[in-house]
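Take a look at the structure below.
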Amino acid sequence: MLCSMAAIAQENVAERCAAIKRQSANAMKVTIADAAEDAYDVKHVKFDIQLTNLSSAISGQVTTTATVVADAMPAYVFELDTPLVADSVFINDIPAIVTRNGLVHTATIPAPLNAGQSFTARVHYHGQPIPGNGYYRTGINNTVADPWGVMVTYTLSEPYMGNRWWPCKQSLADKIDSADIWITIPGGLKAGSNGLLKNVTSLGNGYQRYEWHTNYPIAYYLLSAAVAPYTDYSFNVAMPGSSMPLPVQNFIYDVPNALQTYKAGIDSTAQMLQHFAALFGPYPFDKEKYGHCLVPLPGGMEHQTMTTQGDFGPLLTAHELAHQWFGNHVTCASWRDIWLNEGFATYGEYLFLQRWRREDAAMHMRTIHNRVISAEAKGGAVYVDDTTNDDRIFDGRLSYNKAGAVIHMLRYLMDDDEKFFALLKAYQSRYAFGNATTANFKALAEEITGWDFTTFFNQWIYGEGYPVYSITWNKIKTDVFLKLQQETAVPQSVAAYDMPMPIRLMGPQGDTTIILHNTSHEQMVKLSWNKMITQVQIDPDNWILNGENINRRDPQLGLNELTSNSIIVFPNPSQDYWYVAGLPEGCDMLLADIAGRMMKRYGNGAAKSSVIDANYLHKGMYILTIMQNEKKIATLKLIKI
């Protein structure tokens, strides 16, 4: 069951998600805090931490198992931000001396480890992070969920805030091979996290431990914990190509009416899972689960296998679910490439609508376009230029909406859905459980299609702005003249876009769509069309991100194509006027009805064209006689409709 369109219409998922992610503290680094962190490759982490829903305070230990990849590693370097305190660090169970420089901790190893050696680093720590605003201000938050009156503690690490709640290495390239997340909490609460819930152990004294395990590679920022008085609402989904059903596990506030409020939205996840698996390839974490932890967020965060979500509007649910493929299974290789995560998640919203609300899909894409072109700012590239600025990384206009629009244009250019979705599946297969760059995706698109996408990516991913089109048109007898003009929003970045532009000729006898491959600021074409045209429409199906300035008929357009002895009339039939072109100098025009009764006499002087008013005439046929020097040189039939 899917939610109503009333709920969908209220959603601006890209702006919600982007805004709340941007509310994180300013990140003044590109990736790891210290180059020494790249001396080791993380294989496994085990959390054994204590949390409550009444405070953001955290304590416990995290054990990292890793392999040395440098020639030698004299110290284990990790990140843990203030005000958290590392009480002690043990390397291979031996106490280590630790020095601290801001958030960077260096644990000296008595005998340096060599390349290929494995080791464990256990960090005991405690503290209470600085309170945020209830959204994303810190890596761990504690706030009340309105209107339910429930206190909730939850984590959110993207992009650089894992160190706000656990001792970590924040490297996108170094995915953690597996993880155990053990969370000790007071009785009456539940703790949600990644992977499968292996056990709930009673510890006595009113405490219990939720023991989660994931055996899939996971990026540091996708590890999570959420603690609240939850109820577990779970069900199984039959997945295409799998003999085993997939558990969908949802932790919802255990208060009256909460589950009833969200149930329809949660249940729709089953159909979305099946649909996205058909489009993108098998659900990547099929041996574990998918699910949600409800928290007081005005959006969601795509924590691997268990999204942290503030509500269950269908577009939000579709967006975060698409992330399980685009962002979690295949993670952007750097924050410059964040569009590979957020653009495809945004496009997941469109794909949901296209499947279940087809009549609203085009409107949604037009809305996405408007969010890009209606903003005061016209510049900025999809490819991130400043990864030290989380406002720039999670710019809703660029990383979400423009990226989603660009993906839609790529689908249009390929003009083959079988091939387009084969590309998405190949991307998932080739970079499974790893990382990918923009260059990787471009190369794969070229491999699948055999085309060169250099110009497309240079203009739409690395370039700034978008095209703004104007079109003027005219029809003379069976000749149609079209003049397409292009300006660009940021001409210093992209002077002229190279796009095959769909143009629809519309009229009472039927419509037709032509493709005009536009590569310049002005392009003129002539074609034959024997039907009446009342309107011309640029990009009628909203495939191309563009603005539009002028769209009008120009009666002068194409007149220089006429021979000197051509006298033509258009439009014909007409409702309000006829335009007579190709007239000799000093002629007279006599308008009569079909019975020969004179209606009106016109002169043109030195003009080569004239307009015959039809508004005052009844429907029917009229005769226009052209006279020069008292001789009849032409007779034209005019039809008023």
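A short reminder: the numbers here are calculations on the coordinates, not readings from a lab. This is a predicted model, so every value here is computed, not measured. Methodologically, a virtual Cβ is constructed for each residue, glycine included, from the backbone with ideal geometry; neighbour enumeration extends over all protein chains shown.
Dipole magnitude for segment 562-640: computed about the Cα centre from +1 point charges on Lys and Arg Cβ and -1 point charges on Asp and Glu Cβ, it is near 180 debye.
For Leu273, Leu617, Leu51, what's the fewest-to-most ordering of other Cβ within 10 Å of each Cβ? List each step's numbers first, then the result.
Values: Leu273 21, Leu617 17, Leu51 27.
With the fewest neighbours first, Leu273, Leu617, Leu51 line up as Leu617, Leu273, Leu51.
Amide H of Leu297 versus every other amide H placed in the peptide plane: which residues, excluding those fewer than 5 positions away on the same chain, fall under 5 Å? Result for Leu297 returns Gly310.
Using the Cβ atoms and a cut-off under 12 Å, what net charge is assigned to the surroundings of Tyr216, where Lys and Arg are +1 and Asp and Glu are -1?
Values: positive: Lys175, Lys287, Lys289; negative: Asp177, Asp286, Glu288.
With Lys, Arg at +1 and Asp, Glu at -1, the neighbours total 0.
Checked against a 21 Å cut-off, the cross-linked pairs Lys477/Lys526; Lys169/Lys289; Lys419/Lys483; Lys600/Lys637 give Cα-Cα distances beyond that limit for Lys169/Lys289; Lys419/Lys483.
Where both bridge residues fall in the chain, DSSP classifies roughly 85% of the beta bridges as antiparallel.
Fewest neighbouring Cβ atoms within 10 Å first, the residues Met599, Met301 line up as Met599, Met301. For segment 467-553, the residue among Phe481, Val494, Tyr469 whose Cα projects farthest onto the positive side of the dipole built from Cβ charges is Phe481. The helix-only estimate of mean residue ellipticity at 222 nm for the chain, built from DSSP H runs of length n ≥ 4 each weighted as -39500 (n - 2.57), is -6000 deg cm²/dmol after division by the residue total.
Quick check: net charge around Ile181, other residues with Cβ under 14 Å of its Cβ, Lys/Arg +1 and Asp/Glu -1?
So the environment of Ile181 carries a net charge of +1.
Reducing segment 436-482 and segment 58-130 to their Cα centroids gives an inter-centroid distance of 50 Å.
The 3J(HN,Hα) values that the Karplus relation (6.51, -1.76, 1.60; θ = phi - 60°) gives for segment 580-589 are, in residue order, 9, 10, x, 6, x, 5, x, 8, 10, 10 Hz. Gly and Pro appear as x.
In a simple Cβ point-charge model (Lys, Arg +1; Asp, Glu -1; nothing else charged), the chain has a dipole of about 1860 debye relative to its Cα centre.
In what sequence do Trp578, Trp212 fall when counting other Cβ within 10 Å, fewest first? Could the numbers behind the result be given before it?
Values: Trp578 22, Trp212 25.
The order, fewest Cβ neighbours first, is Trp578, Trp212.
Using the alpha carbons alone, the radius of gyration of segment 5-351 stands to its Kirkwood radius in an Rg to Rh ratio of 0.96.
Excluding Thr438 itself, what net charge comes from residues whose Cβ is under 10 Å from its Cβ, given Lys and Arg +1 and Asp and Glu -1?
Numbers: positive: Arg336, Lys442; negative: Asp337.
Local charge sum for Thr438: +1.
Going by the alpha-carbon gyration tensor, a ≥ b ≥ c the square roots of its eigenvalues, is segment 234-382 rounded (a/c under 1.5) or, if a/c is not under 1.5, prolate (a/b greater than b/c) versus oblate? Provide the component values of the computation, followed by the final result.
Values: a/c = 1.62, a/b = 1.39, b/c = 1.16.
Verdict is prolate for segment 234-382.
Ranking Asn560, Thr449, Asn615 by Cα position along the charge dipole of the chain, where only Lys, Arg, Asp and Glu carry charges on their C-beta atoms, puts Asn615 farthest toward the positive end.
Residues whose amide H falls under 5 Å from that of Ile109, counting only those 5 or more places apart or on a different chain, are Ala75, Tyr76, with hydrogens built in the peptide plane. At q = 0.05, 0.09, 0.10, 0.12 Å⁻¹ the log10 of I(q)/I(0) for the chain amounts to -0.33, -0.78, -0.90, -1.19, computed by Debye summation with a single uniform scatterer per C-alpha, solvent ignored. Converting phi to 3J(HN,Hα) with the Karplus coefficients 6.51, -1.76 and 1.60 and the offset θ = phi - 60°, segment 460-477 yields 9, 9, 8, x, 10, x, 6, x, 10, 9, 10, 9, 10, 8, 7, 10, 10, 6 Hz in sequence order, with x at every glycine or proline. Modelled label positions at Gln260 and Thr454, each set 7 Å beyond Cα in the direction of Cβ, lie 6.4 nm from each other. Taking amide H positions as modeled 1.01 Å from N, with prolines and chain starts lacking one, the residues under 5 Å from Cys587 and 5 or more places away or on another chain are Asn604, Gly605.
Sort 442-449, 580-587 by the packing proxy (mean of other Cβ within 10 Å over each peptide's residues), most packed first. Walk me through the numbers on the way to the answer.
Details: 442-449: 16.6, 580-587: 18.4.
Descending packing order for the listed peptides: 580-587, 442-449.
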